[in-house]
Amino acid sequence: MIIIVAHSSREAAALLSLAESKGWSACSCTSVRQFRKQLRNMHPAVVLTRDRLVDGYSDDIFTLLSQSEPRSGPRVIVLAPADFTQKQEARQLSIGADCVIRDPLRPDVLMEYLAKFLHHASTRNPRPMPSEQFNLAGALVSPDQLEMSFGGKSVHVSPREIELARLLAESPGKTITYAFLYSELFNRAFSGDSANLRVLLGKLAASFRKLGLNLRAMIRVTQKTGYCYVPPSAGRASQSRSA
């Protein structure tokens, strides 16, 4: 199932017609409010949304998806205007988009993305996000609650932050390549530009700062290679706390 969320009924109808021409099950709407109602009754494999909607933004779509499908939600394609900047694109990827397509929209390219994501959804055996709690940089990470806690404080985080935290926690002292991170987090090949990954790491580090922990000080960056999580030793654990 594909849910199409467009900023105009005309565009929504056009995109719906494209999907149906391929025999794909799809429905369309033009607002965040309508999308919320549809999401109560269906579990889409792909969501195709404009970055700006009549009553909100793609941010609102990602929020609703994280609330209803916190573990293994649908693939999300964001349609953006031609003047969408790289920084804006990186932000969309950091908050949940699998890809961003700028105007002018090329139907053949869009159809290929939809076909790829639908095929992936129908053939894969999704690995659910582990429900067991784990530790990273002194914080207790709770995937089921999308929460991290330390010292009596807690902070709500996004599913993608949880996944990045898990990847780092699973490989202490080892460099995780950009290629692997992009495949795991964004389901696409690394093209040489790590901007969206830096945004995601910055978002995760900001969540740690709210707990009084300095995650960034424990991440060693190898240029053009990847990230390495270096846990603090017991003797300098107190130094991991931010001032």
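The values are calculated or read from the model by the stated rules, or taken from the named source; none is laboratory data. What you are looking at is a predicted structure, and each value in this text was computed from that prediction instead of being measured. Positions of Cβ are generated from backbone atoms using ideal geometry, with glycine treated the same way; all protein chains shown enter the neighbour counts. Quick note on the areas: whole protein, heavy atoms, side chains included, nothing else; ligands and nucleic acids left out. Shrake-Rupley method; radii C 1.70, N 1.55, O 1.52, S 1.80 Å.
If you take the residues of the range 38-59 that are in a strand (DSSP E or B) and free of Cβ contacts under 8 Å to residues at least 40 places away in the same chain, which of them is farthest from Leu110 (Cα to Cα)?
Looking at residues that are in a strand (DSSP E or B) and free of Cβ contacts under 8 Å to residues at least 40 places away in the same chain, I get Gly56.
State which residue is most open to solvent (accessible area, probe 1.4 Å) when the search covers only the range 220-232 and only residues that are at pLDDT below 90 and more than 13 Å from Leu136 (Cα to Cα).
Per the stated criteria, the residue is Lys224.
Tell me which residues, restricted to the range 1-11, are in a helix (DSSP H, G or I) and either more than 15 Å from Ile77 (Cβ to Cβ) or open to solvent by 70 Å² or more (accessible area, probe 1.4 Å) (or both). Can you show your working first?
Keep residues of the range 1-11 that are in a helix (DSSP H, G or I), which gives 9-11.
Within the range 1-11, Ser9, Arg10 meet the criteria.
So which pairs qualify, if the first residue must be in the range 12-37 and at negative phi and crowded, with 16+ Cβ neighbours inside 10 Å, the second must be charged (D, E, K, R) and in a helix (DSSP H, G or I), the Cβ gap must be under 6 Å, and the two must be at least 6 apart or on different chains?
Qualifying pairs under 6 Å: Val32/Asp60.
Can you tell me how many residues within the range 17-41 are closer than 22 Å to Thr63 by Cβ and among the charged types (D, E, K, R)?
Here the count works out to 4.
Would you check which residues across the range 171-219 are surrounded by 16 or more Cβ atoms within 10 Å (Cβ to Cβ), under 14 Å from the mean Cα position of the chain (by Cα) and without any contact (Cβ under 8 Å) to a residue 40 or more places away in the chain and list them?
Answer for the range 171-219, where residues must be surrounded by 16 or more Cβ atoms within 10 Å (Cβ to Cβ), under 14 Å from the mean Cα position of the chain (by Cα) and without any contact (Cβ under 8 Å) to a residue 40 or more places away in the chain: Tyr182, Leu185, Leu197, Leu201.
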